[in-house]
1. Exactly one condition in (1) crowded, with 24+ Cβ neighbours inside 10 Å; (2) at the interface with chain A (Cβ under 7 Å from one of its Cβ atoms) is not met by B:Lys108; state its number.
2. Select the helices (runs of 4 or more DSSP H) contained entirely in the range A:612-731, then report the ones holding at least 1 residues which are within 30 Å of D:Ala109 (Cα to Cα) and within 54 Å of the chain's Cα centre (by Cα).
3. State all residues of the range A:132-174 that are facing chain B (nearest Cβ under 9 Å) and in contact with an Asp or Glu (Cβ under 9 Å, 6 or more places away or on another chain); if no residue qualifies, say none.
4. Which count do you get for residues in the range A:318-376 that are among the hydroxyl-bearing types (Ser, Thr, Tyr) and assigned to a helix (DSSP H, G or I)?
5. Consider A:Gly100 against the criteria (1) out of contact with any Phe, Trp or Tyr (no Cβ under 9 Å at 6 or more places or on another chain); (2) modelled with pLDDT under 90; (3) of a type outside the set (D, E, K, R): it satisfies all of them except one. Which criterion is unmet?
6. Only residues that are in contact with a Pro (Cβ under 8 Å, 6 or more places away or on another chain) and free of Cβ contacts under 8 Å to residues at least 60 places away in the same chain: list them for the range B:262-285, please.
7. Within the range B:152-165, can you find the residues that are at the interface with chain A (Cβ under 7 Å from one of its Cβ atoms) and surrounded by fewer than 24 Cβ atoms within 10 Å (Cβ to Cβ)?
8. Which of the numbered conditions does A:Leu286 fail, given that it passes all the others? Conditions: (1) under 30 Å from A:Phe42 (Cβ atoms); (2) at pLDDT 90 or above.
Amino acid sequence: MPVSLLISLLFIFGAALVAPSLCRLFKDKGGCLLSLAPFAAFGLLLSQSGAIAAGESIRYHIEWFSSLGCAFSLRLDGLALLMGLLVTGIGGLIVLYASGYMHGHPRLGRFYLYLLSFMGAMLGLVLSDNLIVLFVFWELTSITSYLLIGFNHEEKISRWKALMALLTTGLGAMAMLAGFLIIGQVSGSYELSEINGMGDLLQGSPFYTAMVLLVLGGAFTKSAQVPFHFWLPNAMAAPTPVSAYLHSATMVKAGVFLLARLNPSLGGMPLWENTLAIFGSVTLLLAVVLGLFQKDLKAILAYTTLGVLGLLTMLLGIGTEYAIKAMVGFLLGHALYKAALFMVAGSVDHETGTRDVTLLRGLRRLMPITAMAGGLAALSMSGLPPFFGFIGKELIYKAGVKLGGLELYFLVAAFVGNFLMMALALKAGIGPFFGKENNDALPKKPHEAPVTMWIGPVLLGVIGLVLGLLPFLVTDSIVAPAIGSILGGAIPEIKLALWHGFNLPLLLSVFTVAGGFGLFMLRGKFWAVADPVRAAIRPWGAEAMYERIFNGTIWLSKAQTRCLQTGRLHDYVFMIVAVTVGFLIWAIVNYGGLQFEMDWAQFDPIKVGLVLIMIVATIVAVTASAYMTVLVALGTVGFGVALIFVYYGAPDLAITQLLVETLTVVLFMFVILRLPPLKSMSSMATKIRDAILASTFGGLMTLLVLKAVNIQFDHAISEKLAAMSYPEAKGKNVVNVILVDFRALDTLGEIVVVAAAALGIAALVATGFKKKKGAAS
Amino acid sequence: MSEYALLLPILIPLIGVVLLLLGARSLAVQRAGGVLFSSLTFAASLYLLFAVDQADYLVMQMGAWEAPFGISLVADRFSAVMVAVSSFMGAAVGIYALSEIDEARLKKFFFPLYLVLIFGVNGAFLTGDLFNLYVWFEVMLIASFVLMSMGGEKGELEGGLKYVCLNLLSSVMFLAGAGIIYGKTGTLNMADIGQQLMLAENADWALSSSMLLLVSFGLKAGMFPFFFWLPASYHTPPSAVSAVFAGLLTKVGVYALFRSYTLIFMPLFPEVQNILLWLAILTMVTGVLGAASHFDMRRILSFHIVSQIGYMVLGLAFMTPLALAAAIFYLVHHIIVKTNLFLVSGVVIRMKGSCDLAKVGGLCNSAPWLAALFFIPAFSLGGIPPLSGFWAKFALVKSGVEIHAWWAVTFALLVGVLTLYSMTKIWAEAFWKKQPEDVDTTPAKPVGPLVFMVAPIVVLSISTVVIGFFGEPLFEFSERAAAQLLDPQSYISAVLPQPAEVSP
Amino acid sequence: MKYFILGHAGRILFPALIILSLIVLYRGHNLPGGGFIGGLMAATAYILVGLGSTMQAAKAKLRVDPVTLLAVGLAIAIISGLPGMLGGDPFLTGEWLPTFYLPLLGAVHLGTPLIFDVGVYLVVIGFTLHTTFFLSELAESDTEEGTD
Amino acid sequence: MEPLIALLIGVLFAAGIYSLLRRSIVKLVIGVVLISQGANLLVFTSGGLLAGRPALVEAGATVLEAPFGDPLPQAMVLTAIVIGFGLTAFLLALVCRAHEAVGDDDINAFDNTDT
């Protein structure tokens, strides 16, 4: 039923919207109620699994921004089903968990609003069949996770870390968007189900490299691959339920999911495979090594998440059928145990008040159920039989041993990664519960967490165990279809089992377990040097790089703004006029030509004299320092203009000009005593610079006028107006007829301008000019 | 008769001006009239929008003088949608002003001047005559000058002085450019100028004068490197005034640029394409960096106007059907969102006495509804889907990718991230952070009930969301409008019915 | 002394200027003149009175608030544009009464463009005087202390 | 005659811009006045300068006989003069008021709203 995809989304977004009021009504119980929504969605998706296992896919499609090529299309296939079940299933448990963890929090309703919105976005992301819809949900996960990471927003550090996650993933998303657009342009469609069939077209395109790199920009930032890994451990600022959710099933998997999604269309080329494999393996190794030096429970888990993301990316890059099998198996296993471990860590934190693993030990007696859940999850993560994690790891080694030559590096990386990860798993999941009790050193007296907080981890831990024992429960219905989607073909026959006989992968597993356990026992050694090591590498780390870029941008913005927005009007005028001069010169030199004719015969001595007087007066007006001189000079210019109007047949203009000039002088006189004395404030050099610019501009205007009057000018319209003036408009003064009839709208606008100016002047004067005291002049 | 639809968005505010001036004494009349006439204008503008969408072009030859002898009012879809959106803002901010504009300003004829502003803006969108456009610009400018400085506060006056001087410079360049163009073509009708340049064998001689208009319009639009007046002044007057300025004034400049290069100077476009492209890019970048450097809500928002103008001009510079449609969509989105953000800043000031981010905080807890109302426009501006801003940016970037304008696309996307940064800065500081203890900001005594300020914000926020979710009709409309812009010949034949009468 | 002269000159010139402005307004359609010029002249008449004595006197002489003049002027300009619309013509279409003859004036064309010009006339007076009255306050608050 | 008027226009523009580039705020008013004069003259000139004949239909005639001064730019200039007058008056009041509010006549002191 295609519409069930939409319904499952609506369940979750609907729950998000009602969350604040529900929590106000039912207080903490609200969370339990709200968890029904994701569970319902989970059920709805699960009910479709039969069809998916049969090799079908379910597509829901409605038109949206169709002129932009964006339809709201959702599709449930194997991969979407797997991810969708994780998102909703784990999501439901997280909602439940949060109702205990956030018990009594004043902003609980808002928390659920964000969390469920995030969940909805994530579900939409995995279900979308259109690149643009996928991007929409992708950005929604970014912004909702921003709200979640910064949930404790009174802390400056929370805000900073939330911003870091947002900017990093946001930057990647922009690259990804560009990549999507290129894909869309090359393929002519944004529908994933269509694009996936066009692998050859895309890979043959000259833009292939660009689109791969851009899409990887998005995927790598989201899935925290080196060098964008730094935001992920920082995202721990979020409340623990959020971390558990973001890091297990959702946010960080989005990038890997995207890569898997596009694998059929973009994959298979060396660029794709090598980039993924190399970046993935580096991320894996870096993450597990850094993880060894962490003391914070959540930080340890965060680094293992990073490692897993690297591993998944690497497997995708290797790209063989085995590798993809391994990847899917590992993805499923990881989601289960990582969510459980985070919730356990949250419970421990919640009950003891600390997450410092050097303090936490021996809690198993006080928190037995949590301890059991932690143990189950940690063992699954360690890849010990009979847990599902073991199957995942076996698959990886199996995939690895098929490699040869230089590619063996990836097997080594996987091996190293795995045994370090096991050490970390034990450190986080087992360490706090075993050993000697240390309760006095803890900030709070611990006791068992409430049922809402242990049900989730226990359930997930048990599922990890059950699936390990009975893998056929998911093999055909969920895992195989997912693999099929990633490989872009039919659903493969696969068989997951704990026991594959004595072979190289088993040997590697044994070494892994031995190495991991050994390292776990030595954990104290790493703690001893943890702080100095972290401090030492920090300046070279990616986070420091981020800070440098961030601060650099701010610095640049300040410097730029200081340079441009100086606050000095003359700088602005200078800039504007200079650019105008540049444009004009460009236009004239390139296109206008400098030639024009001049008729020297027409010069009439009286007019020449008039113009010369006006030029002198103009210069006096700008240079004089006494108001009276300036006013006389301005008046001379004004009256001179009026005379020019008279000479050239414009009596209306001349009279208007005379009256306006007179009134201007009168108005000037009213305020003249309020004005400061005219004085020169600029240096001579500035004046010369300004004079040069101003004269250049003036010269260009002269040139433009000369060019304009030079062009053979067609007076057709004026002549027609003159001809119509009396017969049709009943007026003999053509200028006036134009003003009140032909172009009366101009005049209407103009009287509105003067009316508004009058109101404005009155308003300004009325805003409390001080009455001047003391004798004036 | 539907031609009268053209007239109403101009006539109604003007009648309002007259009546409010006559009813000067009563503040109640001023308030009621301001809201009534701005709302009526909005209704009329909707009528215009529908009429134009039916008829493709509406033309009214003022005074019944056939073009190009009189002044033509012309509306194509682009004009009509601009009128509709700006009148929408006019009505929304009119209501908002009820509770923000104090008595002193009302007595100084705030509302008549406000209506003059709407009158000027609508006139500028609807005129088909170059000199008449100049007049509309002046109407709009004088109204905005007065609205900006009428409070007489120091900041208003300082900013206002720069605003006035630089805009007068722009007006003079406009006048000079228009004069020279008249000198060369003998006509002022935009369609006629366009036709003459198209028919001319070589229209390059018009380039120099078109540069004057480019600078003039660029200055009004707030483009790099002419935008200085904007960040210097927009944050100084009351928020209602800033909001309506932010929404409308620069957009008139953008509109004029669009008109210039799709109609008046169409044949010159290839020569200026690169200039426009790089000016647009620089506008985006300098604007967004300016915003990043500031720490006051309204200053940040002011610089963002500049930055966003760059996107719109970018659409013009691309000059493909999709790019123009995207730019028109962008304009609509941006007008709504930017107005709304300034309105929100006004509520912040009302609550906290300041919108300096160093002095305010804790709004997320003390006024979560306001947080939600800020969140929508802010993250729409930041391009977060599925809000309106995302589609605007997406369409624009898509059009850039289609013509392989890689630099422009790169900068457009990077600027998007920085825009998001600025919005999160406001969000984190004003809403998330705790209210700083040691600042003394006492909110001024409120003028009217809060509901008049919040209601417009709610309406505008809903519009943003609706455009985001159901924006396809608007986008299709933008595409139709863009198609008209790319077909100046049909504009010309709509305005000049008998081209034979006009000598080439 | 100079105030005396200006005061008397203003008082004497005032009616003449007002009448002149009206003539200029009326004949502007056919000869140089019109609403702007007429309006500026009429305003000058009041300003002369104001300069001769005080602006208060000029205000008193004007009787109406300049803002009302602005409003009425704008209203007249708008209204003059409406009659054409009744006949289905666009805004601001000129409509003319049949020509008739009056003693002194001769052939009289009366039409909406003239009425429009009256609107312009009033607005220009309103603008000039409103501006002058307000700006002159700045000067007067100075000179009162200086001269008294 | 046009070259000379064109020169005058150039000088007016140059002087206006130069004034706008000064720091004393009063110079801004002077600059705006001059530059407006320049622009008006430019528009006037762009119609072509034809000496002598105003665009008035002679008594008894019904149609204007060429040559006459192009009336269209004249009407534009008239509009521009009046608009310019209004804006100049407003600017004058603004400068006055701003001078008093800021207490300085150096435009460099008017930078509080920018930085």
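The values are calculated or read from the model by the stated rules, or taken from the named source; none is laboratory data. As the structure is a computational prediction, the values presented were derived from the model and not from experiment. Cβ coordinates were reconstructed from backbone atoms using ideal geometry, including for glycine residues, and neighbour counts include every protein chain displayed.
1. (1)
2. A:684-710
3. Selection gives A:Arg159, A:Gly170, A:Ala173.
4. Residues flagged as among the hydroxyl-bearing types (Ser, Thr, Tyr) and assigned to a helix (DSSP H, G or I) within the range A:318-376 amount to 5.
5. Among (1) out of contact with any Phe, Trp or Tyr (no Cβ under 9 Å at 6 or more places or on another chain); (2) modelled with pLDDT under 90; (3) of a type outside the set (D, E, K, R), A:Gly100 violates only (1).
6. Passing the criteria: only B:Leu282.
7. B:Gly152
8. (1)
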